[in-house]
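A.B. asks: Sending over a structure as structure tokens; questions will come in a sec.
The values are calculated or read from the model by the stated rules, or taken from the named source; none is laboratory data. Because the structure is a prediction, the values reported are computed rather than measured. Cβ coordinates were reconstructed from backbone atoms using ideal geometry, including for glycine residues, and neighbour counts include every protein chain displayed. Please note that ligands, DNA and RNA were not included when accessible areas were found on the heavy atoms of the full protein model with its side chains. Shrake-Rupley method; radii C 1.70, N 1.55, O 1.52, S 1.80 Å.
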Amino acid sequence: MSGMPAHTKYMRGYFLPPEPCFDWVRKDSIERAPKWCSVDLRDGNQALITPMSLDEKLEFFKKLLEIGFKEIEIGFPAASETEYELCRTLIENDMIPEDVTIQVLTQAREHIIKRTFEALEGCTTPVIVHVYNSTSVAQREQVFRKDKDQIEKIATDGAKLLKTLTDEAGHENYRFEYSPESFTGTEPEYALEVCNAVLDVWQPTAERKAIINLPATVEMSSPHVYAQQVEYMHKHLAFREGVELSLHPHNDRGTGVACAELGVLAGADRVEGTLFGNGERTGNVDIITVAMNMFALGVDPHLDFSNLPHLVEVYEQVTRMQVNPRQPYSGSLVFAAFSGSHQDAIAKGMKYWEENKPKHWSLPYLYIDPKDIGRTYDGDVIRINSQSGRGGVGYIMEQQYGISLPKKMREDLSYRVKSVSDSGHKELLPDEIYKVFTDTYV
């Protein structure tokens, strides 16, 4: 390929369903929240540079409970001693609430499945045992070098062992989940065949549902293609009333949130993801963003993100990762307005809001009310630098110091403040603005 343009080495690696699947297009919004499953504690701590210790995992688990997660994947007990110990600690110290289901991950391999069941010994609260094997063309040909029948047998053998071990021990509180890993690179007809073969082993019912999870292990297409793939599975899965259809979007193309939203419109009942989108490579879908997008359209996500700044603190402390300042909803600058025209519009909108108290939120430049996620107008919204105008400066003086400036004085002060900011190449805090005011006029 020497001398050829680099892009010519790439081609479409995904597969469309064998029939039109466009029912999701006719839906304009998600009407109710899906079930959520946090996979923040998954194997490898979701690819952290420095994996969390047992104590840090326990702290994170408690925070996930506070947020309101009812399903939490606590990891891959057979993958590392720390993850095994986390499972044992939660069980032996009775730390799992009765209304919370823990989920454990295992490959469809006999010794790993048996080790996973050892880790769960004595658990009296609900459990999801999540088994997977890869089904994509690339994995079949390059990694396993097996044909379709051999790959399907790996899946059904794993499913049979899960059922046998569960039945032998009488674990009526156990449910099963199957993922055709790398689903997005698998022919939909074949993915359906494997999933239905697994379901035929489990024989799920409406009272004891199985979970079929469709991972975008590598995001390979635009979100509308993933939606078609999900809808095809939704329409053709066996035992559909006994199945929860789940999504596990990654973010390789930067559209994990869109894939999750369109996937729910396409028939999914459940979404697996992480806080702030942490995960291997470009990460998993950010559950905070998906949930808050619903919240902003008047849908209760059944998760509590009313104090996002504190959640950011805890997350950064235990994972040693940083939340991007422009991360939707969570970032430190997502509500910040430095531009004079933006500040003026926001200040006037706030005044209108206070005076008229309308039923529904509709403020210029602010998609949601920052107060709903623990942010403030003073420190998070109106920020002053050399690009700011009289509206922002006037707002700071009035809100912070109770000084309502006449129009011309407000304009004069704004030019002085901008000059100080410009010469110092920095943002000015309220006390610095007040000092410019007192030095000039007092």
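A.B. asks: Which residue pairs have Cβ atoms under 8 Å apart, sit 6 or more places apart or on different chains, and have a first residue in the stretch 384-403 that is under 20 Å from ASP422 (Cβ atoms) and a second that is among the aromatic types (Phe, Trp, Tyr) and part of a helix (DSSP H, G or I)?
C.D. replies: MET397/TYR434; MET397/PHE437
A.B. asks: With the requirement that a residue be part of a loop (DSSP other than H, G, I, E, B) and either within 18 Å of GLY374 (Cβ to Cβ) or among the hydrophobic types (A, V, I, L, M, F, W, C) (or both), what does the stretch 327-342 give you?
C.D. replies: GLN327, PRO328, TYR329, SER330, GLY331, SER332, LEU333, VAL334, PHE335, ALA336, PHE338 - these are the residues of the stretch 327-342 that are part of a loop (DSSP other than H, G, I, E, B) and either within 18 Å of GLY374 (Cβ to Cβ) or among the hydrophobic types (A, V, I, L, M, F, W, C) (or both).
A.B. asks: Scanning for something touching an Asp or Glu at 6+ places or on another chain (Cβ under 9 Å), within 19 Å of VAL129 (Cα to Cα), surrounded by fewer than 21 Cβ atoms within 10 Å (Cβ to Cβ) and not charged (D, E, K, R), does the stretch 176-196 turn up at least one residue?
C.D. replies: For the stretch 176-196, residues touching an Asp or Glu at 6+ places or on another chain (Cβ under 9 Å), within 19 Å of VAL129 (Cα to Cα), surrounded by fewer than 21 Cβ atoms within 10 Å (Cβ to Cβ) and not charged (D, E, K, R): absent.
A.B. asks: OK, next. Any residue at all in the stretch 91-103 that's closer than 21 Å to GLY158 by Cα, touching a residue at least 24 places away in the same chain (Cβ under 8 Å) and open to solvent by less than 20 Å² (accessible area, probe 1.4 Å)?
C.D. replies: yes
A.B. asks: Still on this structure, I have one more. Please work out if THR319 is in contact with a Leu (Cβ under 6 Å, 6 or more places away or on another chain), touching a residue at least 60 places away in the same chain (Cβ under 8 Å), farther than 17 Å from GLU31 by Cβ and open to solvent by less than 20 Å² (accessible area, probe 1.4 Å).
C.D. replies: yes
A.B. asks: Can you run down the residue pairs with Cβ atoms below 9 Å, 6 or more apart or on separate chains, where the first is in the stretch 180-191 and in contact (Cβ under 8 Å) with a residue 12 or more places away in the chain and the partner is of a type in the set (D, E, K, R) and buried (at least 22 other Cβ atoms within 10 Å of the Cβ)?
C.D. replies: THR184/GLU219
A.B. asks: So, one more: Only one residue in VAL285, VAL290, VAL257, VAL264 is of a type in the set (A, V, I, L, M, F, W, C) and either touching a strand residue (DSSP E or B) at 6+ places or on another chain (Cβ under 6 Å) or closer than 20 Å to GLU56 by Cα (or both), so which one is that?
C.D. replies: Selected residue: VAL285, the only one of VAL285, VAL290, VAL257, VAL264 that is of a type in the set (A, V, I, L, M, F, W, C) and either touching a strand residue (DSSP E or B) at 6+ places or on another chain (Cβ under 6 Å) or closer than 20 Å to GLU56 by Cα (or both).
A.B. asks: Which one of these is more than 15 Å from GLN343 (Cα to Cα), in contact (Cβ under 8 Å) with a residue 12 or more places away in the chain and either of a type outside the set (A, V, I, L, M) or in contact with a Leu (Cβ under 8 Å, 6 or more places away or on another chain) (or both): GLU427, GLU432?
C.D. replies: Criteria check complete, one pass: GLU432.
A.B. asks: Here's a check for you: in the stretch 295-310, which residue that is in contact with a Phe, Trp or Tyr (Cβ under 7 Å, 6 or more places away or on another chain) and either closer than 15 Å to LYS62 by Cα or of a type in the set (A, V, I, L, M) (or both) is surrounded by the most Cβ atoms within 10 Å (Cβ to Cβ)?
C.D. replies: LEU308
A.B. asks: From the list THR376, THR438, which residue is more than 30 Å from THR255 (Cβ to Cβ), more than 26 Å from the chain's Cα centre (by Cα), loosely packed, with under 14 Cβ neighbours inside 10 Å and of a type in the set (Val, Ile, Thr)?
C.D. replies: Step by step, each of THR376, THR438 is checked, and only THR438 is more than 30 Å from THR255 (Cβ to Cβ), more than 26 Å from the chain's Cα centre (by Cα), loosely packed, with under 14 Cβ neighbours inside 10 Å and of a type in the set (Val, Ile, Thr).
A.B. asks: Any idea which residue in the stretch 418-432 is most open to solvent (accessible area, probe 1.4 Å), counting only those that are aliphatic (A, V, I, L, M) and under 39 Å from the mean Cα position of the chain (by Cα)?
C.D. replies: Filtering the stretch 418-432 for residues that are aliphatic (A, V, I, L, M) and under 39 Å from the mean Cα position of the chain (by Cα), the one most open to solvent (accessible area, probe 1.4 Å) comes out as LEU429.
A.B. asks: Check TYR14, TYR10, TYR84 and return the single one that is more than 24 Å from ASN307 (Cβ to Cβ) and open to solvent by 70 Å² or more (accessible area, probe 1.4 Å).
C.D. replies: TYR10
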